[in-house]
Structures are given as C-alpha cells and as structure tokens.
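Chemist: The structure under discussion is supplied below as structure tokens; questions concerning it will follow.
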Amino acid sequence: MIVFAAIVPHSPLLVPTIGKEHRQKLAGTTAAIAEIEQALYLSKPDTICIMAPHGSRYPDAFSINLAQKYSGNFKAFGDFSTVVEAKGDFLMIDHLQRKLREENVPFTLTSNEELDYSFSVPILLLTTHLTNWKLIPVSPSMHDGKSHYDFGTQLKRILHAEERRVAVIASADLSHKVTKDSPGGATPEGEKFDAAMVEFAVANKPDQLFALPPDIIENASQCGYRPIMTLLGTLNEINVTPKKLCYEAPFGVGYLTVRYDIV
C-alpha cells in the first residue's frame, strides 16, 4: 500500500560533498529535504518507487529498470568517493509489469544496475536512516501530462493493493529558465511553468496542469513535469494532506519540495 509521497529536486549541488560553497543558498531546500527524510523514515516504507527523468527512456513507452541491485555515484560532478546502493524489488516490479501489460499500457522493462543522478541524489538524501528497503526506478515516456497521470493511476491500483508499504517519490527539477541567473536566461514560459507547478502540484490539482499549453511545458526547459504528473496519478482517490515545504531558484533552476501525507 502507498504510505507516503513527495516531490524533491535532484540537483547534484544538494550533495554535501559537491555543493559545499552553495549550501547557504540552498538552505531552504536542504531543510525541506531533511524534513521529508524524517517523514519518510517514520512512514516505514518497505519499497520506494522513484519516478525520475534522466534514466533510460523511450519516446512511446513508460519503463521500469529491473535489476537485483543498483548503484550510483557522482564522479561526473567531481565526487569520486560517494556511492549509493539499493536492492531492486524484483517481485513487485514483476507484479507491475505483468499487470501493466495485461492492461495494454505502453510499457517496457530495462535492466541496468547503474543509476543516474536523478535517482542517486534522492536516494542519498532520503534514505540516511532507512534499512532493508527496496527500489523501483520508473522512467517517463515522451507522452503528454495526461498520459503520465493515467500511468500513475495504473501504478497506484497495483501498488496500493500490495501488502508491502510503498513510498512514491517524484525526482523533479522545474524550469531551467526561470530567472536571469538561469543557464538560458529567464523566459516567460519558465516563470509561468514554475508558478503553475507550485500552485497546482502542491494543491494536487492535476486538471489544471493538463491544461498547460505545450509550448509552456517544453519551452520552460524543465525535467519535472512528467515525473510529477505520474506521482499525482499515484495519489488518485487517496486522501492526502499536501504541504509545500520550499520553492527556490537560487541558481536559476526551480527547486520545489513537497510532502503528501497519507491521511
């Protein structure tokens, strides 16, 4: 059953060994993630299902990475010592793939023990005190937001029927064009996208996010829309209390941190 849900950013600057000189500018986000880490621990999950945008993905199919164990590192960002490890929830992934294929969902399995940073960052920051947990790594497709929401509702029907306790996490950065400090400079689409996500993702109002014009979604230069829409789908018809913990963009990339407590 689903026992906890959250949205967290995945910037490598949140890793203490990488973002040392930037920690103060990220104080709001790091405090929010610390709160989610504690709440996640108290929810006692057996399995964490992470929806993240930068793994192996297919334009026309959702995917889950199936492996008995996973590992991730931050060598690309100058940290050659930190490693994250996780065990795959082989049995639950098998349940998922069987049910999804029975329902003719456009879905495929991949198999890669190496995790990219959009999985590794939340695992590092959120599992400090957890033991004996397992991972389900989910990657989006290039389908629209409504398709990802519907995919999330299909995941929810399966995960919520399991006896094991499941936490669902959207690993998601927002616009990379939201302020003058952004890599591509500020754009109206970036500002509008982040404003919509902060208002409607926090309030768990997916219908408002379906209505976002495609040019805003794509021209915002973001990677969080599809993982967040999938997460909101997993909360369909579940009574949750959303809590916005932080939104900030100190380096021109929007970082949103939200927890959804299952009531």
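Just so you know, all these numbers are worked out from the coordinates, no wet-lab data involved. What you see is a predicted model; the values in this text were computed from it and never measured. When we count neighbours, we look across all protein chains shown, and the Cβ atoms used for this are built from the backbone with ideal geometry, even at glycine.
Chemist: Run through every distinct alpha carbon pair of region 1-156 and return the Kirkwood hydrodynamic radius in angstroms, one decimal place.
Modeler: One decimal place: 16.4 Å for the Kirkwood radius.
Chemist: Select from region 1-97 those GluC sites (Glu not before Pro) which occupy a DSSP coil region and have at most 16 other Cβ atoms within 10 Å, ordered by residue number.
Modeler: none
Chemist: With Cβ to Cβ distances under 13 Å as the rule, what net charge do the other residues near Ile50 carry (K, R +1; D, E -1)?
Modeler: Counting the neighbours of Ile50, the net charge comes to -1.
Chemist: Net charge near Arg165: determine it from the other residues with C-beta under 12 Å of the C-beta of Arg165, scoring Lys and Arg +1 and Asp and Glu -1.
Modeler: Here the count lands on -1.
Chemist: Which of the DSSP-defined H helices in the chain satisfy a minimum axial length of 20 Å, computed from C-alpha atoms, and a minimum mean Kyte-Doolittle hydropathy of -0.5?
Modeler: Counting only whole DSSP H runs, the qualifying helices are 27-43.
Chemist: Shifting gears a bit: Under a point spin-label approximation (7 Å from Cα along Cα-to-Cβ), what is the His22-Arg157 distance to one decimal in nm?
Modeler: 4.1
Chemist: Points 7 angstrom from Cα along the Cβ direction at Glu237 and Lys75: gap in nanometres?
Modeler: 4.7
Chemist: Hey, if you put +1 on the Cβ of every Lys and Arg and -1 on every Asp and Glu Cβ in region 28-75, which of Ala39, Pro59, Tyr70 ends up farthest toward the positive end of that dipole?
Modeler: Ranked along the dipole, the leading option is Tyr70.
Chemist: Next question. Please report Val83, Val138, Val15 as a ranked list, fewest other C-beta atoms within 10 angstrom at the top and most at the bottom.
Modeler: Val83, Val15, Val138
Chemist: Still on this structure, I have one more. What is the order of Ile50, Ile33, Ile158, fewest Cβ neighbours within 10 Å to most?
Modeler: With the fewest neighbours first, Ile50, Ile33, Ile158 line up as Ile158, Ile33, Ile50.
Chemist: Distance cut-off 28 Å, Cα to Cα: go down the list Lys44/Lys75; Lys25/Lys244; Lys192/Lys244 and report the pairs above it.
Modeler: Lys44/Lys75
Chemist: Okay, next question. Filter the GluC sites (Glu not before Pro) in region 213-263 down to the DSSP loop ones having no more than 13 other Cβ atoms within 10 Å, then list what survives.
Modeler: When the GluC sites (Glu not before Pro) of region 213-263 are filtered for loop state and at most 13 Cβ neighbours within 10 Å, Glu237 remain.
Chemist: Please arrange Ser11, Ser139 by counting, for each residue, the other beta carbons lying within 10 Å of its beta carbon, fewest first.
Modeler: Ranking Ser11, Ser139 by Cβ neighbours within 10 Å, fewest first, gives Ser11, Ser139.
Chemist: Here is a further query. As an exercise, use a Förster radius of 30 Å and the Cβ-Cβ distance of Lys44 and Ala186 to find the FRET efficiency, rounded to the nearest 0.05.
Modeler: 0.10
Chemist: Separation between the Ser56 and His95 pseudo-spin-labels, each 7 Å from Cα along Cα→Cβ, expressed in nm?
Modeler: 2.4
Chemist: Here's another thing I want to ask about it. Please give the calculated 222 nm ellipticity per residue for the chain, where each DSSP H segment of at least 4 residues contributes -39500 (n - 2.57) and the sum is spread over every residue; nearest 500 deg cm²/dmol?
Modeler: Taking each H run of at least 4 residues, the total per residue is -9500 deg cm²/dmol.
Chemist: Would you mind classifying region 151-263 by shape? Square roots of the alpha carbon gyration tensor eigenvalues, ordered a ≥ b ≥ c; an a/c under 1.5 is rounded, otherwise it is prolate if a/b is larger than b/c and oblate if not.
Modeler: The shape class here is prolate.
Chemist: Further, regarding this structure: Starting from the Cα of Lys134, draw a straight line to each of the aspartates and glutamates and keep only those under 19 Å, dropping any in the same chain fewer than 8 residues away.
Modeler: Glu37, Asp46, Glu85, Asp89, Asp94, Glu113, Glu114, Asp116, Glu162, Glu163
Chemist: Same structure again: Quick one: work out the % antiparallel among DSSP beta bridges in region 2-262, nearest 5.
Modeler: Taking every DSSP beta bridge with both residues in region 2-262, the antiparallel ones total about 45 percent.
Chemist: Under 20 °C and 1.002 mPa s, how fast does region 183-247 diffuse according to Stokes-Einstein, given a Kirkwood radius computed over C-alpha pairs? Answer in µm²/s, whole number.
Modeler: Translational D for this selection: 171 µm²/s.
Chemist: Let me ask another. Grab the eigenvalues of the alpha-carbon gyration tensor for the chain, scale each by 5, take roots, and send me the semi-axes largest first in whole angstrom.
Modeler: Over the Cα atoms of the chain, the semi-axes work out to 25, 22, 18 Å.
Chemist: Follow-up. Taking a temperature of 4 °C and a viscosity of 1.567 mPa s, what whole-number D in µm²/s does Stokes-Einstein yield for region 127-186 with Rh from Kirkwood over alpha carbon pairs?
Modeler: Rounded, D is 87 µm²/s.
Chemist: Moving to a separate point now. Residues in region 123-161, backbone N under 18 Å from the label point at Glu85 (7 Å along the Cα-to-beta-carbon vector): list them, ranges by number please.
Modeler: Taking a point 7 Å out along Cα→Cβ of Glu85, the residues of region 123-161 whose backbone N falls under 18 Å are 123-136.
Chemist: In whole Å, what is the distance between the alpha-carbon centres of region 186-240 and region 12-86?
Modeler: 21
Chemist: Among Pro53, Pro137, Pro12, whose mean-square fluctuation peaks in a Gaussian network model of the chain (Cα, cutoff 10 Å)?
Modeler: Of the options given, Pro12 has the highest mean-square fluctuation.
Chemist: Report the extension gain between Glu218 and Glu102 in nm, rounded to one decimal, defined as 0.36 nm multiplied by the number of residues separating them, less their alpha carbon distance.
Modeler: My answer for the length gained is 38.6 nm.
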